[in-house]
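A short write-up of the structure that comes next.
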Amino acid sequence: MNPAEVRALFPILKKRAYMFSGGIAPASTRTIEAMKKHMDWVTNDADDLYLHTEDEMQECRRLFAKLLGADTDEVAMVESTSAGSNLVVDLLTPAPKGSNVVFDEWAYPSSVYPWKLKGRENVQLRFVQPRDGLVHFEDFEAAVDDKTIAISVSHVTPGQGFRHDIGALAKLAHAHNAVLIVDGAQSAGAADINLHKLGVDFYSTTAMKWLMGAGGVGFFYCAEKHMDKYPTRAGYASNGGYDLHKFKFLPSAERFNLGLSNIAGAAFTRPGLEILLETGMKTVEKHVLDLSGYCIAGMRERGMDVITPTEPEYRLGVIAAIMPDAKEFWKFLYDRGVDTYFHGNLFRVDPHVFNNRGDVDRFLEGVDAYQEKGTAAAKAKRKR
Ligand SMILES: Cc1ncc(COP(=O)(O)O)c(C=O)c1O
């Protein structure tokens, strides 16, 4: 499929310029069909659905693994990115006294908080500070030492749209016998990623953003070599059986599941993974970078304070700008049929493979109209 064919699958785009993929994915016609099928199944043949609960989940694991260059056995379906970020800390603790973990100041909170829980106080948390709008690899090099047990980053940071070089960070971590932990909530489904080739140790993400799947569904990747580390929670699903007197974690990442998985969420999630695989992640990433580059240029031309780097190697689909009136601007665009995001003084616009330059132009026309409105209001105020 090409991006125009992907676009045709999303009803919302007939009316709106939906550019909030860093938040939540709109439903495609394939997703709507999958959910209808699921509802029909649970309505008319629930017993049969129960017998097949595993199938949809297994298929999602398989598709996700294929999309990100992993083995199915290394992938677990979990409930969120944050759940995966907690799981990895369970696997790495208790850690020897004097250990440290290196983050940067733009890390997502769910990657940091689990290290602050009881019993983990002896791990020092180090934060690399960004400089000149970038997090510099050399600053990670300076922060890491032989007491480092992990480097932990958000592949693409949601507040800036900055993209780390996770291949280089994995090499750095391994050179110190440490591991690389990646929060991929803003990269899975937008970037062409091969987790094996990049050498990533742990990767967590949600299905509901760039993967075009459901909220409440996430994926957790644990590299095969780390299957000797054990989770701290167990349910029948981690054992693969009900014998009270025999417990052994399953050999694959399925051990991270406790009970019945989110079967409605899996039905919702599968079509998005299939669409991305049919399109090919090289095509997806190229399209996303083209649109984000085009959009950033248009925003800068209009004087917007874009904080996302211009260079394609440092960005992906998240475009961030600072505006004191971000909320008002978001509402103005929303009323014109352009979907974006704001939080405090952060404004964001996140184009995906289903968007086109027409959507970006519609957004930029919105910027022009908003600025004209501001100029007219200022003139009227001066006259008064
Ligand atoms: C980088 C990053 N990590 C994690 C999350 C939260 O994801 P989840 O709700 O799946 O835990 C977000 C949400 O925006 C995010 O941008």
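The values are calculated or read from the model by the stated rules, or taken from the named source; none is laboratory data. All of these numbers come straight from a predicted model, not from anything done at the bench. When we count neighbours, we look across all protein chains shown, and the Cβ atoms used for this are built from the backbone with ideal geometry, even at glycine.
Assorted remarks:
- Hey, V42 buried (at least 17 other Cβ atoms within 10 Å of the Cβ) and either at pLDDT 95 or above or within 16 Å of the ligand (Cβ to nearest atom) (or both) or not: no
- Residues of the stretch 331-384 classified as of a type in the set (D, E, K, R) and outside any helix (DSSP H, G or I), total: 5
- Some residue of the stretch 81-90 being free of Cβ contacts under 8 Å to residues at least 40 places away in the same chain, more than 16 Å from the ligand (Cβ to nearest atom) and of a type outside the set (K, R): no
This table checks each residue for (1) in contact with a strand residue (DSSP E or B) (Cβ under 7 Å, 6 or more places away or on another chain); (2) more than 14 Å from the ligand (Cβ to nearest atom); (3) not assigned by TED's automatic domain parsing to the domain that holds L316.
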residue	(1), (2), (3)
L180	yes, yes, yes
Q186	yes, no, yes
N194	no, yes, yes
K197	no, yes, yes
D201	yes, yes, yes
L211	yes, no, yes
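- Residue satisfying condition, being touching a Leu at 6+ places or on another chain (Cβ under 6 Å), closer than 29 Å to R233 by Cβ and outside the structural domain of Y314 (by TED's automatic domain parsing), within set A70, A107: A70
- All positions within the stretch 81-108 that are farther than 14 Å from T205 by Cα and not aliphatic (A, V, I, L, M): D90, T93, P94, P96, K97, G98, S99, N100, F103, D104, E105, W106
- Number of residues in the stretch 49-64 that are touching a helix residue (DSSP H, G or I) at 6+ places or on another chain (Cβ under 7 Å) and surrounded by fewer than 20 Cβ atoms within 10 Å (Cβ to Cβ): the value is 4.
- Verdict on W115 being within 16 Å of S82 (Cβ to Cβ) and under 23 Å from the mean Cα position of the chain (by Cα): yes
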